1. What pairs come up if the first residue lies in the stretch 119-148 and is more than 12 Å from the ligand (Cβ to nearest atom) and modelled with pLDDT of 95 or more, the second is part of a helix (DSSP H, G or I) and among the aromatic types (F, W, Y), and their beta carbons are under 8 Å apart, counting only those six or more places apart or on different chains?
2. Could you check how many residues of the stretch 199-213 are closer than 19 Å to S169 by Cα, out of contact with any helix residue (DSSP H, G or I) (no Cβ under 7 Å at 6 or more places or on another chain) and not aliphatic (A, V, I, L, M)?
3. Evaluate the following for T143: is it buried (at least 17 other Cβ atoms within 10 Å of the Cβ) and hydroxyl-bearing (S, T, Y)?
4. So which residues in the stretch 169-211 are assigned to a loop (DSSP other than H, G, I, E, B), at pLDDT 95 or above, of a type in the set (S, T, Y) and away from the ligand (no atom under 16 Å from the Cβ)?
5. Being open to solvent by 30 Å² or more (accessible area, probe 1.4 Å), within 15 Å of the ligand (Cβ to nearest atom) and either part of a helix (DSSP H, G or I) or of a type outside the set (D, E, K, R) (or both) is true for just one of E108, E78. Which residue is that?
6. Please determine, by comparing only the residues of the stretch 87-104 that are surrounded by 21 or more Cβ atoms within 10 Å (Cβ to Cβ) and more than 10 Å from the ligand (Cβ to nearest atom), which one is nearest to the chain's Cα centre (by Cα).
7. I'd like to check something: does the stretch 193-209 contain any residue that is out of contact with any Phe, Trp or Tyr (no Cβ under 8 Å at 6 or more places or on another chain), open to solvent by 60 Å² or more (accessible area, probe 1.4 Å), in contact (Cβ under 8 Å) with a residue 24 or more places away in the chain and at negative phi?
8. When you check R153 against the structure, is it within 16 Å of the ligand (Cβ to nearest atom), closer than 28 Å to A218 by Cβ and in contact (Cβ under 8 Å) with a residue 24 or more places away in the chain, yes or no?
Amino acid sequence: MTAKLIDGKQIAEQINVENAVEVARLKQQHGLTPGLAVVLVGDNPASAAYVSSKDKMCARLGMHSEKITLPAITTQTELLAIIARLNQQDNIHGILVQSPTPKQISEEAIFAAIDPGKDVDGFHPLNIGKVAIGDPSGFVPCTPAGVQELLGRCGVVVEGAHVVVLGRSRIVGRPVSLILSQKARNANATVTVVHSKSKNLAEICRSADILIAAIGVARFVKSEMVRDGAVVIDVGINRVEDKTTEKGCRLVGDVDFDAVKQKAGLLTPVPGGVGPMTIAMLMSNTIRAAKMRHGLA
Ligand code: GUN
């Protein structure tokens, strides 16, 4: 079987258009402009690129944005003071601190300091707790929300399916496993989480109707780990050496794309799969945060 590719860019673009329409409506009918603050500490080039694309998307949708770039030596106390200010700022409805932060800063302390009503990343313990108990009033982390939306918009039936999630990170693996097992639309799946300590990892992956790879290892998922016709969602973004390119490197996912393409039924490419969905969902969360703050949602 040769997999059909899922065009995440095109699906994210549909959401971006919907979001732009909603931003225009909020401005016109309520004089409300949703605002997002993105904070980058240090000079990790990949993080800088992600933060820039989030900032640019705000501008494109007509939203307010503030990009705050801080030196790598910033202390946790300094960053907490900036978050306290953003928590109080009326024109900011969403706050995102790009992960990873330099090692002198505890991400747990930072995420817990963000006002849960402005936590559009969905990393505050209160929002993680709401996802865990199926309370829809919180924010769902953007990449897991993007995976769920992608499956829904591609017509993949999640209900009753066996979903295997490779990885248990706070950003992707753990929350995606929680949301897809919820009693909700585009959910109700039987979810298995496998990780670095799992026994029979390949065998469990082979039993998946939907395999979500979020393990952070380039080309980890081989064709032997995929059932014929399975849906494979590749969340990985890994930079690997490639001397044939101008930059000497390129991006690959957690899936051995060329081999798995011969086996899967549906497959997301990297780049152009899950990545654009993450930004689209961040914008959706920020618009919702602005509406919630003003009693419009
Ligand atoms: N680093 C990689 N993905 C994310 C994300 O979704 N949010 C934040 N804040 N940092 C990230």
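1. Here the result reads P125/F111, each pair linking the stretch 119-148 to a residue that is part of a helix (DSSP H, G or I) and among the aromatic types (F, W, Y).
2. 1
3. On the way: buried (at least 17 other Cβ atoms within 10 Å of the Cβ): yes; hydroxyl-bearing (S, T, Y): yes.
In short, yes.
4. Within the stretch 169-211, S198, S207 meet the criteria.
5. Details: E78 fails: within 15 Å of the ligand (Cβ to nearest atom).
Answer to the check: E108.
6. Step one: filter the stretch 87-104 for residues surrounded by 21 or more Cβ atoms within 10 Å (Cβ to Cβ), giving 92-97, 101.
Imposing the further condition that a residue be more than 10 Å from the ligand (Cβ to nearest atom) reduces the set to 92-94.
Working: I92: 21, H93: 18, G94: 15 Å.
Here the residue is G94.
7. Going residue by residue through the stretch 193-209, those that are out of contact with any Phe, Trp or Tyr (no Cβ under 8 Å at 6 or more places or on another chain) are 193-209.
Still in the list and also open to solvent by 60 Å² or more (accessible area, probe 1.4 Å): 196-197, 199-200, 203, 206.
Then drop every residue that is not in contact (Cβ under 8 Å) with a residue 24 or more places away in the chain, which leaves none.
No; the residues of the stretch 193-209 include none that is out of contact with any Phe, Trp or Tyr (no Cβ under 8 Å at 6 or more places or on another chain), open to solvent by 60 Å² or more (accessible area, probe 1.4 Å), in contact (Cβ under 8 Å) with a residue 24 or more places away in the chain and at negative phi.
8. Details: within 16 Å of the ligand (Cβ to nearest atom): no; closer than 28 Å to A218 by Cβ: yes; in contact (Cβ under 8 Å) with a residue 24 or more places away in the chain: yes.
Criteria not met by R153.
The values are calculated or read from the model by the stated rules, or taken from the named source; none is laboratory data. All values derive from a computational prediction rather than experimental measurement. Because the Cβ atoms are built from the backbone with ideal geometry, glycine has one as well, and the counts that use them run over all protein chains shown. Quick note on the areas: whole protein, heavy atoms, side chains included, nothing else; ligands and nucleic acids left out. Shrake-Rupley method; radii C 1.70, N 1.55, O 1.52, S 1.80 Å.
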